[in-house]
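Q: Supplied in structure tokens, the structure appears directly below.
The values are calculated or read from the model by the stated rules, or taken from the named source; none is laboratory data. Computed from a predicted model, the values in this text were never measured in an experiment. With ideal geometry, Cβ positions are generated from the backbone for all residues, glycine too; neighbour counts draw on all protein chains shown. Just so you know, the surface numbers come from the protein's heavy atoms only, side chains and all, with ligands and any DNA or RNA stripped out. Shrake-Rupley method; radii C 1.70, N 1.55, O 1.52, S 1.80 Å.
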Amino acid sequence: MADTSNGLMYGVAAVKFKPSEGEEKTLGWLDENGMQPAGNAPTFMDVNAAQVTDGPVDSIMTNPGSDAFTMNLIQLKAKNMADVFGGKAEADGSYTPPEKFVANGVLTISMHSGHNFRVFNSRLSRNGFQNGINMQNVLAMGIRVDMLKPTDGKVRRWRTYPPGVTPDTADSTADAEG
């Protein structure tokens, strides 16, 4: 089915994470800022020649840059935190965090526009507490999502899906062709 949407992707409807080993889980609510870009642009080294005075003769990439998002998780339920980062969720709802807040797996962002965005090898890491504890904000756990090179030998780091396309079905078809 051809994409008949206008291509505008907006609104975080759900964020799901499937660790390297385990089942896909929903992270919980994010604050109103949703997911914000946090990657870096590529860097280059200019090569200058004594004989050429009007600019570089070449430019060599020294760092390919990175793609990343940050988000603030405001629904700090013990089960959600333990499902994604580990630690211990007690029956009474208490949460004891793990020593390190780092998890690797597949991240899928479903959007209000009907689109989906999938990161095939994401690293989620704690980015400190956000928003503060007061009467104008709710406490949030900052999370950074780094888009790493896939470990399955595929070239794609991420993929977008138009409304009506199921990511798992599209992946099995696209990955078989590629």
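Q: With a 1.4 Å probe and every protein chain left in place, work out the accessible area per residue of segment 1-102 in Å², rounded to a whole number.
A: I get 70 Å² per residue for segment 1-102.
Q: Next question, about the same structure. Return the FRET efficiency for the residue pair Asn40, Lys154: r is the Cβ-Cβ distance, R0 is 22 Å, and the value is rounded to the nearest 0.05.
A: 0.45
Q: Placing unit charges on C-beta atoms (Lys and Arg positive, Asp and Glu negative, everything else neutral), compute the dipole magnitude of segment 102-175 about its Cα centre in debye, rounded to 20.
A: Dipole size: approximately 240 debye.
Q: Further question: How much FRET efficiency would the formula 1/(1 + (r/R0)^6) give for Thr96 and Ser125, where r is the Cβ-Cβ distance and R0 is 22 Å, rounded to 0.05?
A: Efficiency computed from Cβ-Cβ geometry: 0.75.
Q: To continue, here is another question. If I model segment 21-119 as equal point scatterers sitting on the Cα atoms and use the Debye formula, what is log10 I(q)/I(0) at q = 0.11, 0.19 Å⁻¹?
A: At q = 0.11, 0.19 Å⁻¹ the computed log10 ratios are -0.54, -1.06.
Q: Taking H as built 1.01 Å from N, whose amide H comes closer than 5 Å to the amide H of Asp3, not counting residues under 5 places away?
A: Correct list: empty.
Q: Rounded to the nearest 0.05, what FRET efficiency is calculated for Asp168 and Leu8 with R0 set to 30 Å and r the Cβ-Cβ distance?
A: 0.80
Q: Given a 1.4 angstrom probe, what's the average accessible area per residue across segment 105-160, in square angstrom?
A: 52
Q: Given an 8 Å cut-off on Cα distances and at least 6 residues of separation, report the relative contact order of the chain as a percent.
A: Computed over the chain, the figure is 21 percent.
Q: Separate question: Provide, for the chain, the number of lysine pairs with alpha carbons under 12 Å apart, each pair being eight or more places apart or on different chains.
A: 4
Q: Taking only Cα atoms of the chain, what ratio of Rg to Rh do you get with Rh as the Kirkwood inverse-distance radius?
A: Expressed as Rg/Rh, it is 1.07.
Q: OK, next. Show that you can apply the helix-only estimate: for the chain, add -39,500 (n - 2.57) for every DSSP H stretch of four or more residues, divide by all residues, and state [θ] at 222 nm to the nearest 500.
A: One gets -3000 deg cm²/dmol as the mean residue ellipticity at 222 nm.
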